[in-house]
Amino acid sequence: MRKDHLNKTFSALADPTRRAILARLASGAASVTELAKPFEMSLPGISKHLKVLERAGLIARSREAQWRPCRLQARPLEEVAEWVEHYRCFWEESFDRLGCYLVELQAKGKKHGHKE
């Protein structure tokens with residue numbers, strides 16, 4: 001994934017309103033009006049959030065007669081998950097090493113008569 005694309009995706013995900021919109025779109029397409037209902041925000045305000053999501057490639061908008069649905073585009077989320085996975089492995093290995101070290105310290109403490 002290109003770094004600038006990853007930056008756009010994380011930037012779009014940084015806002016709780018945009019994350020809520022994506023969560024709603026995970027259950028199916030919705031119009032701007034439908035997406036705006038749970039928020040105390042104007043339609044132009046919601047539209048600004050949708051533009052950010054669209055530029056990040058997280059949603060697509062289309063036209064079906066008079067209905068202009070927004071749909072989730074999950075590929076950028078998959079790319080973020082792949083990027084995060086690398087760091088999850090790092091932290092798991094770090095925690096495993098820490099766990100081994102703590103077991104070693106406890107064994108040394110018992111050997112020298114210290115209570116746990």
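Annotations
- The range 68-95, subset over 21 Å from A30 (Cβ atoms) and touching a residue at least 12 places away in the same chain (Cβ under 8 Å), residue nearest to the chain's Cα centre (by Cα): V80
- Scan of the range 54-70 for residues that are more than 15 Å from R19 (Cβ to Cβ) and in contact with a Ser or Thr (Cβ under 7 Å, 6 or more places away or on another chain), ordered by number: W67, R68, P69
- Residue match in the range 96-116 (condition: more than 24 Å from F10 (Cα to Cα), without any contact (Cβ under 8 Å) to a residue 24 or more places away in the chain, polar (S, T, N, Q) and assigned to a helix (DSSP H, G or I)): yes
- From R71, R75, R61, R19, residue being modelled with pLDDT under 95 and in contact with a helix residue (DSSP H, G or I) (Cβ under 7 Å, 6 or more places away or on another chain): R61
The values are calculated or read from the model by the stated rules, or taken from the named source; none is laboratory data. Since we're looking at a predicted model, the values are computed, not measured. A quick note on method: Cβ atoms are made from the backbone with ideal geometry, for glycine too, and the neighbour counts reach across all protein chains shown.
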